[in-house]
Amino acid sequence: MDYFAHETAVIDEGCFIGEGTKIWHFSHIMPDCTIGERCNIGQNVVVSPGVKLGSNVKVQNNVSIYTGVICEDDVFLGPSMVFTNVTNPRSAVNRRGQYAETIVKQGSSIGANATIVCGHDIGRFAFIGAGAVVTKTVPDYALVVGNPARQMGWMSEYGHRLEFDTEGIATCPESGEKYKLEDKKVTKLSA
């Protein structure tokens with residue numbers, strides 16, 4: 001075993017868990033899911049069948065990751081945030097074959113208690129504020145907050161709000177990396 005699992009964690013057969021991953025108290029890893037290398041799965045987390053987590057994904061306590069979710073590398077899932085996987089759930093109607101896919105792209109952060117309604121992808125390095133309810137696709141580098149979530153600005157790959165000058169250029173105060181805003185899209189400029 002190349003990963004750590006707390007003795008209270010339940011890990012079903014048929015899942016793949018990458019080297020260096022840590023799975024903490026009372027978490028349940030269900031069959032046919034893939035968890036990459038160096039992930040950290042907090043307490044009381046459910047990873048449903050077929051879920052895919054890339055490398056270095058951080059899942060905080062009390063998170064449910066339902067079938068249909070794919071998280072790319074370096075994603076952060078804040079405490080008690082939740083994904084949905086059926087658009088119109090009803091207890092008496094079985095919709096297991098109708099799960100909608102949600103992709104959380106590389107480097108994105110989702111804040112505590114946020115809800116991601118299924119079928120809406122989260123762009124690369126996007127930042128979802130605590131308690132936000134995401135009901136539409138989020139662009140790369142976007143900062144969204146509120147219920148329903150609305151875009152309030154742009155974030156750097158280091159998690160700082162970007163302030164663009166009149167030419168559409170912003171500099172991350174921590175990394176010094178430069179970004180360009182053009183046609184309502186942000187791209188990082190090569191060094």
* Residue by residue through the range 97-138, note down the ones that are surrounded by 20 or more Cβ atoms within 10 Å (Cβ to Cβ) and in a strand (DSSP E or B). => Thr102, Val104, Ser109, Ile110, Ile116, Ile122, Phe127, Ile128, Val134, Val138
* Scan the range 133-152 and report the pairs whose first residue is of a type in the set (Asp, Glu) and whose second residue is surrounded by 15 or more Cβ atoms within 10 Å (Cβ to Cβ), with Cβ atoms within less than 7 Å and a gap of 6+ or a chain change. => Asp140/Gly123; Asp140/Arg124; Asp140/Phe125; Asp140/Ala126; Asp140/Val186
* Could you check how many residues of the range 147-171 are on the phi > 0 side of the Ramachandran plot, surrounded by 13 or more Cβ atoms within 10 Å (Cβ to Cβ) and outside any strand (DSSP E or B)? => 1
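Does Ser175 meet the test of being in the same structural domain as Gln60 (by TED's automatic domain parsing) and either in a loop (DSSP other than H, G, I, E, B) or more than 22 Å from the chain's Cα centre (by Cα) (or both)? Spell out how you get there, then give the answer.
Values: in the same structural domain as Gln60 (by TED's automatic domain parsing): no; either in a loop (DSSP other than H, G, I, E, B) or more than 22 Å from the chain's Cα centre (by Cα) (or both): yes.
For Ser175, the condition - in the same structural domain as Gln60 (by TED's automatic domain parsing) and either in a loop (DSSP other than H, G, I, E, B) or more than 22 Å from the chain's Cα centre (by Cα) (or both) - is not met.
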* Within the range 122-141, can one find any residue that is over 24 Å from Asp73 (Cβ atoms) and in contact with a strand residue (DSSP E or B) (Cβ under 6 Å, 6 or more places away or on another chain)? -> yes
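Let's see how each residue does on (1) aliphatic (A, V, I, L, M); (2) touching a residue at least 12 places away in the same chain (Cβ under 8 Å); (3) touching a Leu at 6+ places or on another chain (Cβ under 8 Å):
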position: Val57; (1), (2), (3): yes, yes, yes
position: Val63; (1), (2), (3): yes, yes, yes
position: Gly68; (1), (2), (3): no, yes, no
position: Glu72; (1), (2), (3): no, yes, no
position: Ser80; (1), (2), (3): no, yes, no
position: Phe83; (1), (2), (3): no, yes, no
position: Asn88; (1), (2), (3): no, no, no
position: Asn94; (1), (2), (3): no, no, no
position: Ile103; (1), (2), (3): yes, yes, no
* To do: Quick one: count up the residues across the range 175-191 that are surrounded by fewer than 16 Cβ atoms within 10 Å (Cβ to Cβ) and either under 27 Å from Met81 (Cα atoms) or among the β-branched types (Val, Ile, Thr) (or both).
  => 2
* From the list Glu72, Glu37, which one is charged (D, E, K, R) and crowded, with 19+ Cβ neighbours inside 10 Å? -> Glu72
* To do: State yes or no: is Val59 out of contact with any strand residue (DSSP E or B) (no Cβ under 9 Å at 6 or more places or on another chain) and in the same structural domain as Ala149 (by TED's automatic domain parsing)?
  => no
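The values are calculated or read from the model by the stated rules, or taken from the named source; none is laboratory data. Just so we're clear, the structure is a prediction, and the values are computed from it rather than from any experiment. No Cβ is skipped: glycine too gets one built from the backbone with ideal geometry, and neighbour counts run over all protein chains shown.
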